[in-house]
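Right, one structure below, let's go through it.
The values are calculated or read from the model by the stated rules, or taken from the named source; none is laboratory data. Note that the structure is a prediction, hence the values are computed from the model and not measured. All Cβ positions, glycine included, derive from the backbone under ideal geometry; neighbour counts span all protein chains shown. Remember, those area values only see protein heavy atoms, side chains included, never the ligands or the DNA or RNA. Shrake-Rupley method; radii C 1.70, N 1.55, O 1.52, S 1.80 Å.
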Amino acid sequence: MSALPSVRHYCCACFYTDNIFISEYQVHVRFTDTRQFTQDYNRALHDKGCRTSEQFAYVLEKVQKEVQRRMKLGEESVQRRTEISLRYKPLYPALYVLQESFLAEEFLRAVRFCESPHTGLDGLLKHLHSIPEKRIYQLPVFVPEFCRDLVEELENFERSDLPKGRPNTMNNHGVLLNELGFDDTFINPLRDKYLQPLASLLYPDWGGYCLDSHKAFIVKYAVHEDVDLSCHYDNAEVTLNICLGKEFTEGNLYFSDMKEVPLNERQYTDVEHTIGHGILHRGQHVHGALPIESGERWNLVIWMRASQVRNKQCPMCNNKPQLVETVGEGDGFTYDQAGDKVDTVNVCVLN
Ligand SMILES: O=C(O)CCC(=O)C(=O)O
Ligand SMILES: [Fe+2]
C-alpha cells in the first residue's frame, strides 16, 4: 500500500518579522533585530508618546515576545487542538457538521443562481446588497436559530478550562475554529460548495474561483473586554464576516480603500451588522471596527486564501513569498514542485 502524500503547510517568512501590532501606540511594526528596530521606530514611537527609554524597552520586549509567540504558534495550536478533541464535550454536536438548514434561504438562492446556466455578475448583484464602488457585498448567510446556538456553543467552550488560542494579536477574545474541530465538516464545505461560487463572480481577480484554504475564527467584543478593532487588512484574498449576535449597539465595520491608496486619499464607509448577515470584501481592503457601546458582539470571520494568487505575491509583505514550512495550518501558500517555484527559507536563519 502506498503512503498518502503528506500535505505540507507554509507561511511567508514575513510572518516572523512584519505586521507586529503595538496596541499602546496603535501601530504595526517590523522587527528583524534590535538595531533595525531602534533605527526605524525610535523617532516614530516617540512622536506617538513613547518618550522614555523604559517605555521603548517595554515595546521592544513586547515585540520580541510576539516574534517568539509566532515561532511557536503552529506547534501550540496542534497541541491545543488535540487536547480539545480529547476533552471538550460540545453542547450541540450537530452544529459541527454543516447542514443546509443552517443557511438562509436568500443565501441558498444566490448560490443556486451562480450555478445556473443564466449566471453572471449583474444577475448575482440582484441577490445582494452592495456598495459597488467598494466591492463590498452583504447578504443573509445563517438563520437566526443557528447563530443563537453557535454563540451558546462558543460560550460553553469559553467556560471550559480548555486551552484557547486567540485569533490574532489584535483580538484578545474569540476562538480559532479549527482548534474546536469546525474545519473539515463545516468551514471546508461552506467554502467549497457555497462561498466559492459567489466569490468566483464577485472577485475573479482575487482568486475567488480557486479559494483553497482559509483561517476561520470568532471575534468577540464586550464593553469591558475588546470594544473595537484597529484599521488593518487581512491575510486573505477574500473575507466573509458574519454577525452572530448577541445584542449590541454601535460597533459598525468601516472600510476605507485598498491598502495601496495613500492615507490622505482614503474615504471611509460604515457598514452596519445585522445578525445572520455576512459581509464579503477583499482581504486587502483596509477596514476596522468601531467601538461597541453596549452588549456583546460575536462575529464569525473567514479569511479565504487562494494559493494561486498568494504564491505570486504575499498579501502581507507584497513580495514574492519566502516560504517557511510550519507545523499546523500555515497561511495558505503552496510549494509547487512542478511549476512556478516559490523560494523556501529556513526560519532559523531569521534569528
Ligand atoms: O470586528 C469585526 O467584525 C471585524 C473583524 C476583522 O476584520 C478581522 O478579524 O479581520
Ligand atoms: Fe479584518
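Extent of the range 53-100 along its three principal axes (Cα atoms, max minus min coordinate, largest first): 56, 22, 17 Å.
The magnitude of the dipole of the range 9-350, with charges of +1 and -1 set on the Cβ of Lys/Arg and Asp/Glu and taken from the Cα centre, is near 580 debye. At q = 0.15 Å⁻¹ the log10 of I(q)/I(0) for the chain amounts to -1.52, computed by Debye summation with a single uniform scatterer per C-alpha, solvent ignored. Restricting the range 229-334 to chymotrypsin sites (Phe, Trp or Tyr not before Pro) that sit in a DSSP loop and have at most 15 other Cβ atoms within 10 Å of their own Cβ leaves TYR268. With only Cα atoms counted, the range 204-294 has Rg and Dmax values of 13.9, 41 Å. Taking the solvent-accessible surface of protein heavy atoms with a 1.4 Å probe, what is the per residue accessible area of the range 186-226 in Å²? Solvent-accessible surface per residue comes out at 34 Å². Values of log10 I(q)/I(0) for the range 140-266 across q = 0.19, 0.21 Å⁻¹ run -1.36, -1.53, by the Debye formula with one identical scatterer at each alpha carbon and no solvent.
The charge dipole of the range 131-282, taken about its Cα centre with unit charges on the Cβ of Lys, Arg, Asp and Glu (plus for the first two, minus for the last two), comes to roughly 240 debye. Between ALA306 and ASP212, GLU237, the built amide H atoms are under 5 Å apart, and every one of these is 5 or more places off in sequence or on another chain.
For a straight C-alpha distance cut-off of 19 angstrom, the lysines reachable from LYS126 (same-chain residues fewer than eight places away being disregarded) are LYS134.
In order along the range 67-76, phi translates into HN-Hα couplings of 4, 4, 4, 5, 4, 9, 4, x, 5, 5 Hz, rounded to whole numbers, per the Karplus curve 6.51 cos²θ - 1.76 cosθ + 1.60 with θ = phi - 60° and x for Gly and Pro. For the range 51-95, the solvent-accessible area with a 1.4 angstrom probe is 69 square angstrom per residue.
Kirkwood radius, the range 1-137, all distinct C-alpha pairs, inverse of mean reciprocal distance: 20.8 Å.
Straight-line cross-link reach from LYS65 at under 28 Å between alpha-carbon atoms covers these lysines, not counting any fewer than eight positions away in the same chain: LYS48, LYS164, LYS215, LYS220, LYS259, LYS320. Short-range pairs are left out: with C-alpha atoms under 8 Å and at least six residues apart, the relative contact order of the range 9-350 is 22 percent.
Helix-only arithmetic for the chain: the sum of -39500 (n - 2.57) across DSSP H runs with n ≥ 4, divided by the residue total, places the mean residue ellipticity at 222 nm at -8500 deg cm²/dmol.
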